[in-house]
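Let me begin by presenting the structure, written as structure tokens, before commenting on it.
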Amino acid sequence: MFMENLKDKYTLEGFIDTHIHTSPDIKPRILNDIEAAYGAKQEKMGAIVIKSHVESTAGRAQIAEKISGFKVIGGVCLNLSVGGLNPDAVKVTAELGGKIVWFPTISASDISITYENIENILNIIAEKELVLATGHLKPEDIFLLLDYAKSLKIKKIIINHPLTGVVGATVDEQKEMSKYAYLEHCFVACMKKHDNLDPNVIADAIKEIGHERCIMATDFGQAHNPVPVEGMKMFINSMIKCGINENQIKKMCVQNPYKLFIN
């Protein structure tokens, strides 16, 4: 029933999906950058953030935005393919209009996070007012990153999918993280080919931590999953069933992302 209402009355108008994977990529993706932009535009969304594990999406976002006439945001993920913890990659991404820097994801186990090797990167993030995202870092590295970011007065911070196996943050750890950052809960974690997480686990974490410090995103784009806009509708439907109300959803999908990427 809610899915019908969602299509007819409760649209995705103004929503920002902060985590979408698009092609070109080394893995099969269901949409390219431009198709994802047009799909979001049709739903009257506010913006999308496109992510690649292997290259900067800042330049790609510019092209997709110009062609579609829709706000597309790119950034860089600091994996080995861009030189790992490479300040030059961050600097160039900012110069190309990128807005977000993800710390390592697929290379997280191969890269050590220390004060020494993140200092220059965090200084650029602070100077350019970029969004700092924690990628697939484990909680101990996330807290190290947060401590240093706090000292530099970096305020735009996202903890990516804390409940997934690659991160594995407890609710108590998420509470502590939420003092300095937004917790980005991604619906892909509930898919069978991923973590197969019970949506109630995400809903319970949101209730415990507070929707004021959370973001709902899809992390969709995989060829075996629905397109991201349908993923967002599925996510909303699941959260409604789990006791999260529409005003709380709007806070997590519109207002909180706008503070990070638009304001």
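The residue pairs whose first member lies in region 166-194 and is under 17 Å from residue 207 (Cβ atoms), whose second member is at pLDDT 95 or above and basic (Lys, Arg), and whose beta carbons are closer than 8 Å, counting only pairs six or more residues apart or on different chains, are 178/213; 182/213; 183/213. Annotation: residue 36 fulfils all but one of (1) assigned to a loop (DSSP other than H, G, I, E, B); (2) more than 28 Å from residue 155 (Cα to Cα); (3) of a type in the set (Gly, Ala, Ser); the unmet one is (1). The single residue among 252, 232, 239 that is assigned to a helix (DSSP H, G or I), within 14 Å of the chain's Cα centre (by Cα) and over 21 Å from residue 102 (Cα atoms) turns out to be 232. On inspection, residue 54 fails the criterion of being surrounded by 19 or more Cβ atoms within 10 Å (Cβ to Cβ), under 18 Å from the mean Cα position of the chain (by Cα) and either of a type in the set (Val, Ile, Thr) or within 21 Å of residue 86 (Cβ to Cβ) (or both). Scanning region 166-191 for residues that are in contact with a Leu (Cβ under 9 Å, 6 or more places away or on another chain), part of a helix (DSSP H, G or I) and basic (Lys, Arg) gives no hits.
Flag not set for residue 88, criterion: out of contact with any strand residue (DSSP E or B) (no Cβ under 6 Å at 6 or more places or on another chain), within 23 Å of residue 176 (Cβ to Cβ), surrounded by fewer than 23 Cβ atoms within 10 Å (Cβ to Cβ) and of a type in the set (D, E, K, R).
Scoring residue 101 on the criteria (1) assigned to a helix (DSSP H, G or I); (2) buried (at least 20 other Cβ atoms within 10 Å of the Cβ) leaves a single failure, condition (1). Against the criterion of being buried (at least 17 other Cβ atoms within 10 Å of the Cβ) and either in contact with a Lys or Arg (Cβ under 6 Å, 6 or more places away or on another chain) or not aliphatic (A, V, I, L, M) (or both), residue 204 does not qualify.
Residues in region 234-260 that are of a type in the set (D, E, K, R) and farther than 21 Å from residue 73 by Cβ were compared, and the one that is surrounded by the most Cβ atoms within 10 Å (Cβ to Cβ) is 246. Within region 136-154, residues that are farther than 22 Å from residue 80 by Cα reach no partner that is polar (S, T, N, Q) and not in a loop (DSSP other than H, G, I, E, B) with beta carbons closer than 6 Å at six or more positions or on different chains. Among the conditions (1) surrounded by fewer than 20 Cβ atoms within 10 Å (Cβ to Cβ); (2) of a type outside the set (Val, Ile, Thr); (3) out of contact with any strand residue (DSSP E or B) (no Cβ under 9 Å at 6 or more places or on another chain); (4) over 30 Å from residue 129 (Cα atoms), the only one that residue 263 does not satisfy is (4). For region 196-226, filtering for residues that are assigned to a loop (DSSP other than H, G, I, E, B) and of a type outside the set (Gly, Ala, Ser) leaves 8.
On the basis of being within 17 Å of residue 257 (Cα to Cα) and charged (D, E, K, R), does residue 99 make the cut? Spelling it out, residue 99 is indeed within 17 Å of residue 257 (Cα to Cα) and charged (D, E, K, R).
The values are calculated or read from the model by the stated rules, or taken from the named source; none is laboratory data. Bear in mind the structure is a predicted one, so any value in this text is a computation, not a measurement. Using ideal geometry, Cβ is built from the backbone for each residue, glycine included, and neighbour counts are taken over all protein chains shown.
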